[in-house]
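Please treat every number below as a calculation from the coordinates, not as lab data. These figures come from a predicted structure and were not determined experimentally. Here the Cβ positions follow ideal geometry from the backbone for every residue, glycine too, while neighbour counts run over all protein chains shown.
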Amino acid sequence: MGMGMDMGMPPGRPGRMSLRNLRTFSSFKNPVYLLYYGGMLGQMVGMNMQMLARSLLIYRLTDSAFILGAMSLAFAVPMVGLSLFGGVIADRVQKKYVLLVGQAASAAVSIGVGITLTLGYLSAENTGSWWILVASSVFQGIIMALMMPSRQAILPEIVGEEQLMNAVSLSTMGMNALRLFAPGIAGFLIDAVGFEAVYYTTGGMYILSIVFIIFLPLTSTIAIRGSDTFTNIKEGFKYLRGETSILLILVIMLVSTVLAMPFQQLMPIFTEDILDVGASGLGILMSVSGAGAILVSLVLASLPNKRRGLMMLVAGIILGLALIGFSFSSSWSLSLALIVIVGMGQNGQMALSNTLIQYYVTPEYRGRVMSILMMQFGLMSLSTFLAGALAEVFGIQWAVGSFAIGLAVMSVMALLFLRRVRDMD
């Protein structure tokens with residue numbers, strides 16, 4: 001599939017490339033995709049701001065890398081344990097309705113945490129009140145696990161398979177543009193007003209997302225009916241056993257997530273203890289990581305459907321090497337430069353793997369297969385817990401740096417020996 005398909009390029013002179021022929025923003029011509037895009041941006045603004053605020057707040061309340069990691073574990077357990085059920089939901093229920101319920105629940109959690117901050121219950125003076133943040137992480141993990149497979153699986157139903165890489169790349173561009181601004185805004189809000197301002201803002205953004213989703217048509221197809229949930233999950237794994245290429249991509253991405261992603265949620269330790277730049281510096285550092293990612297998204301959105309497997313593997317190598325450098329840097333300017341490259345590698349690998357899986361998967365199994373890919377969010381938090389525990393013993397730089405070294409080695413091995421993935425278009 002995909003080898004002999006039309007690349008979706010506008011007609012033009014053979015062998016000549018012009019700006020008119022670029023397909024970079026072609027998905028924006030689809031009005032349904034624009035509604036999807038608006039809903040996604042609302043969700044991602046909330047997620048980016050909340051991630052920064054939650055990590056920084058619990059670290060300031062406890063001064064413990066272990067507890068910061070434990071909060072990530074609280075998010076990881078439901079994400080890993082329930083994602084497969086989210087995949088079955090995506091294949092059985094109209095995906096629009098799943099998104100509406102998920103966004104409403106996310107808004108309720110954010111506003112609830114904001115209220116505890118306003119009332120003074122969640123504060124440094126109230127010892128042990130950080131359990132509120134752990135509980136909110138559990139609820140967010142449940143919501144994400146059950147909702148995100150539907151958000152991913154609905155995209156091919158909106159734009160079609162040949163437009164998929166363009167749509168995925170534009171979506172990741174939007175998410176990374178928000179990474180450029182949302183964390184910085186969150187950091188300045190914390191310094192100027194307080195943490196509660198961030199939580200009320202994120203609740204409002206989730207509500208804005210609901211408004212866009214309400215206007216989405218019922219594009220979802222219902223692939224499975226009648227049989228019980230565990231049978232549906234078993235059928236999904238049986239399908240994957242016969243699809244080696246898709247299975248390899250899933251394994252590569254899940255391992256990459258375990259090795260690469262802890263740095264995001266452990267970033268407060270770098271900014272508080274290594275770089276000494278405070279909440280504003282944390283926001284800036286997380287924001288500029290989106291700059292390189294936006295550039296990569298625009299490039300991928302413009303490319304034809306060729307050599308995507310090779311590009312995904314190379315992106316993993318770039319991510320690993322840049323993250324090694326960032327882990328051991330104590331220079332603010334060098335860290336800023338390296339985090340841009342980290343963003344490039346991270347975004348390239350995620351966008352390409354997402355596109356390849358959705359492009360090659362049989363539609364009736366798409367939700368269940370995407371649910372396995374969505375486990376990466378849970379595994380990210382699980383690996384953050386492990387890295388946080390290591391940081392207590394060996395320091396944050398060696399904890400994250402050793403994971404990054406493992407990622408670089410794994411990525412090089414995959415490039416050399418996994419020809420099946422390397423040759424995928």
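May I ask you to compute the full-extension gain from residue 192 to residue 299, defined as 0.36 nm times their residue separation minus their alpha-carbon distance, rounded to one decimal in nm?
34.8 nm is the gain from fully extending residue 192 to residue 299.
Stokes-Einstein diffusion coefficient for segment 317-425 at 25 °C in a medium of 0.890 mPa s, Rh from the Kirkwood formula over Cα pairs: what value in µm²/s?
157
I'd like the orientation of helix 332-360 relative to the chain: the angle between its Cα long axis and the longest Cα principal axis, in ° from 0 to 90, rounded to 10.
40
What share of Cα pairs, in percent, lie more than 14 angstrom apart in segment 323-369?
Every Cα pair in segment 323-369 considered, those over 14 Å come to 61 percent.
Over segment 26-422, what per residue volume does the convex hull of the Cα atoms give, in whole Å³?
121
Rounded to the nearest whole Å³, what is the per residue volume of the convex hull around the Cα atoms of segment 224-337?
Cα-based convex hull of segment 224-337, divided per residue, equals 168 Å³.
Once you keep just the Cα pairs under 8 angstrom separated by 6 or more residues, what percentage relative contact order results for the chain? Write out the running numbers ahead of the final one.
Numbers: 739 pairs, mean separation 121.8, N = 425.
After rounding, I find 29 percent.
Please report the Cα spread of segment 369-425 along all three principal axes, rounded to whole Å, starting with the longest.
Taking max minus min along each principal axis of the Cα atoms, segment 369-425 gives 43, 27, 12 Å.
What is the order of 125, 392, fewest Cβ neighbours within 10 Å to most?
Details: 125 7, 392 13.
Placing the least packed residue first, the sequence is 125, 392.
What residues of segment 275-303 lie in the reach of a label at residue 60, counting those whose backbone N is under 13 Å from a point 7 Å from the Cα along Cα→Cβ?
278-283
If I take every Cα pair under 8 Å that is 6 or more residues apart in segment 271-340, average their sequence separation and divide by the length, what percent do I get for the relative contact order?
This gives 44 percent for segment 271-340.
To the nearest 20 Debye, how big is the dipole of the chain about its Cα centre, given +1 on the beta carbon of each Lys and Arg and -1 on that of each Asp and Glu? Intermediate results must be reported in sequence, preceding the final value.
Values: 24 positive and 19 negative charges, 295 e Å.
Charge dipole, the chain, about its Cα centre: 1420 debye, nearest 20.
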